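Worksheet for the structure shown next.
The values are calculated or read from the model by the stated rules, or taken from the named source; none is laboratory data. Source: prediction; values computed, not measured. So basically every Cβ, Gly included, is an ideal-geometry build from the backbone, and we count neighbours across all protein chains shown. Side chains are part of the model used for accessible areas, which takes the heavy atoms of the whole protein and leaves out ligands, DNA and RNA. Shrake-Rupley method; radii C 1.70, N 1.55, O 1.52, S 1.80 Å.
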Amino acid sequence: MKVLSVASEAVPLIKTGGLADVVGALPAALAGHGVEMTTLLPGYPSVLKALGRLRSVHAWDALLGVPARLLTGKIDGHPLLVLDAPALYARDGAPYGDAAGQDWADNWQRFSALGRAAADIAGGAVDVRGKAMRFDLVHAHDWQAAMAPAYLRFAPFGGEARRVPSIVTIHNMAFQGWFGAETFPRLGLPREAWSIDGIEYHGGIGMLKAGLACADAVTTVSPTYAREIRSAAFGMGLEGLIVARGRAVSGILNGIDTAMWNPAGDAALAARYDARKLERRSVNKRALEAEFGLDRDDGPLFIVVTRLTWQKGMDVLLEVLDHLVGLGGRLALLGSGDAAIEQALHAAAARHPGRIGVRIGYDEALSHRMQGGGDAILVPSRFEPCGLTQLYGLAYGCVPVVARTGGLADTVIDANPAALAAGVATGVQFDGVHYDAVSAALTRTVDLYGRAEQWRAVQKNAMKCDFSWTASGQAYADLYRALLA
Ligand code: ADP
C-alpha cells in the first residue's frame, strides 16, 4: 500500500514541535506493516539545504498562482517529496512566521498549495518519466496539510483524485488555519466547496475545518484527547463537527523513536544507563547541575522542556516555583516562546540562585541531557493532545509529573497507594492546572522521592513501558486498510 503523508514539518529536516517527531517517525513505524509511506514537505530553505541535490520530477506553471517544482529525495532512507515553490517558502524565519514571531500573511496560500500539490500527486495528475505517480491514500497532518482532503474531495482538476481516500490527524486543535473570505476565490476550488459542509468557517475559510469535514477518517493523537475534543472546553469551536463525524474520529497514541530516545545508547549523555544501572544517572545529574548553575545536592531535580505558552501551564508553573524551592527542590528549565514568560522565568531564577536554572532557546541535545539527569519532568499542560516529553521521561526514568488530560492521562499511571502497592505506578498525576493542584502534586512527588525504594520502583516501572511505535504503527495500518476496503 502506498501512502502519501503530508505535513509542514518532519524530523530530522524541520521541527517546531511534536508534530515533526511524529511525521518523521511514521514511515519507519509503518514499513513493517506493508505500508510504503512517502512524505511530502514544503521546500523551506533549511530543508533544501539539508538535502543537497534533489531530483526535479515535475513542474507546475502556476500552483495557486506561483511556479513550483516537485523534488524527490530521501528522509532517513524513506521516500521524500519536496514542494519547491520559492515564492512561498524561500524566506528567512520560521516555518509559519518571521523572526519576530508574526505569522506570514500568505500562510493560506503557502499551505493550500501544499494541499493542492498533495491532491494532484495522489490523484495521478503528476507524471514522472511518462508514468503517473499514484498513491492509495493521503494522510494529512494538522491544518497546514488539511486542505489536501478538500482538494481530493472537490477535485477541480478531474475525477480521478476523488477516489483517493484521506485521513486528517489533529496534533493540536488550537491551531486551525482560519483566513478571510477573500482567499476562497484564489484557491481554485469549485463554488460548491464554499459551504458549511465544505471549507467555509465563520465567514472565512477554515483549513483544519475543511480537512475534518472532507477526510474519510479523522484521528487525533490519544484516545482521551479524541473524547475531550467533543466538548467545548477542548474542541475550540470545532466540537460540533467532531461530534457530527461520529465514529470516523478516533485516537491513536503517538509513539517515540526508541533509536533516538534510549538512555542505554544516547550519545548526548555523560553516562548511559538502563533500568538495572539507575545509579549511573547521578553522573548526568551532577553534569546537569553544573550546566544550569544549580547547587549540588541530593534533593529532587525537576526539569521542564517545553514551548513557553499558556497551553503548557507556564503561568501556573511560575506561581508554584517558590513552593518547589521551599520543598527543597530545584528546577532546570529549557524552553522558548512567550516573551513575558521568559522574563518572569529569568526573574525567578535570579530570586532563587542555585535552585532555579533557566535556558531560553531550542536545544535538542540539552533536552536529552535533561531527561537523563533530571529526577522528574513536570508537564502542567491545560490540554495536551498526546505529549512527547512525558514519554521521553518514562523511557529515561525521569518520573513524569503531569496534568490528567489528553495523552498525559493515557500514558502515566499515578503513584497513588493502590498503584504503588500493585507495583504499576509510573508517575504523578494531578487534576486541574492551578496553584493548589500543582503544588500538592509537587509535595507528593518530593515525598515519594524521599522514599528511595519506592521512587526507584516507579522509575523502573516507567522505563519498562513500551511507547515505541509498535502498537500505534499497527493501529494506523489497520485504519488505512479499513478505508481501502
Ligand atoms: P508540542 O508539540 O505541543 O510542543 P510535545 O510534547 O508533543 O509538545 O512535543 C514537543 C517536542 O519538542 C518534544 O520532542 C520536546 O522534547 C521538544 N521541545 C520542546 N521545546 C524544546 C526546547 N526548548 N528545546 C528542545 N526540545 C524542545
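Which whole-number value in Å³ per residue fits the convex hull of the alpha carbons of the stretch 418-465? Intermediate results must be reported in sequence, preceding the final value.
On the way: hull volume 3.6 nm³, N = 48.
About 76 Å³ per residue, rounded to a whole number.
Taking all protein chains as shown and a probe of 1.4 angstrom, Trp310 keeps an accessible surface of around 150 Å². Near Tyr201, the amide H atoms lying under 5 Å from its own belong to Gly206; only residues 5 or more places off or on other chains count, and H is placed 1.01 Å from N.
Residues in the stretch 132-139 carry Karplus couplings, in order, of 5, 6, 9, 10, 7, 7, 10, 10 Hz; the curve used is 6.51 cos²θ - 1.76 cosθ + 1.60 with θ = phi - 60°, and Gly or Pro positions show x. Within the full protein context, the accessible area of Ser439 is estimated at about 10 Å² for a probe radius of 1.4 Å.
Shape verdict for the stretch 337-378, please, from the Cα gyration tensor: rounded (a/c under 1.5), prolate (a/b greater than b/c) or oblate. Oblate shape, in that a/c is at least 1.5 and b/c is the bigger or equal ratio. In sequence order, the stretch 306-313 has phi-based couplings of 6, 6, 8, 9, 4, 3, 7, x Hz under the Karplus curve 6.51 cos²θ - 1.76 cosθ + 1.60, θ = phi - 60°, and Gly or Pro positions carry x.
Debye-formula intensities of the chain, expressed as log10 I(q)/I(0) at q = 0.13, 0.14 Å⁻¹, are -1.20, -1.34 (one equal scatterer per alpha-carbon, no solvent). Take the Kirkwood radius over Cα pairs of the stretch 278-464, plug it into Stokes-Einstein at 4 °C and 1.567 mPa s, and you get 81 µm²/s for translational diffusion.
Rounded to the nearest whole Å², what accessible area per residue is found for the chain with the 1.4 Å probe? Before the final figure, lay out each step's value.
Working: 18520 Å² over 485 residues.
Result: 38 Å² per residue.
Between amide H atoms placed 1.01 Å from N, distances below 5 Å from Phe430 occur with Val402, Ala403, Arg404, all of them 5 or more places distant or on a separate chain. Averaging the Cα positions of each part gives two centres, and for the stretch 435-455 and the stretch 120-177 these lie 48 Å apart.
For the stretch 148-233, the calculated P(r) over all alpha carbon pairs, in 5 Å bins from 0 to the bin holding the longest distance, is 3, 14, 23, 24, 18, 11, 6, 1, 0 percent.
Amide hydrogen proximity for Trp261: with H placed 1.01 Å from N in the peptide plane, no residue at 5 or more positions away or on another chain lies under 5 Å. Free of any trypsin sites (Lys or Arg not before Pro) that DSSP assigns to a loop and that have at most 10 other C-beta atoms within 10 Å, the longest stretch within the chain is 297-485. Here the stretch 142-195 has an Rg and Dmax of 12.1, 33 Å, counting Cα atoms alone. Converting phi to 3J(HN,Hα) with the Karplus coefficients 6.51, -1.76 and 1.60 and the offset θ = phi - 60°, the stretch 397-403 yields x, 9, 4, x, 10, 10, 6 Hz in sequence order, with x at every glycine or proline. When nucleic acids and ligands are ignored and a 1.4 Å probe is applied, Asp295 ends up with an accessible area of around 60 Å². Ordered by 1.4 Å accessible area with all protein chains kept, Ile196, Ile167 run largest first as Ile196, Ile167.
Note on the chain: Lys pairs 8 or more places apart or on different chains, Cα atoms under 25 Å apart, count 16.
Can you give the percent of C-alpha pairs in the stretch 221-318 whose distance is more than 23 Å? Here the long-distance tail beyond 23 Å is 55 percent of all Cα pairs in the stretch 221-318.
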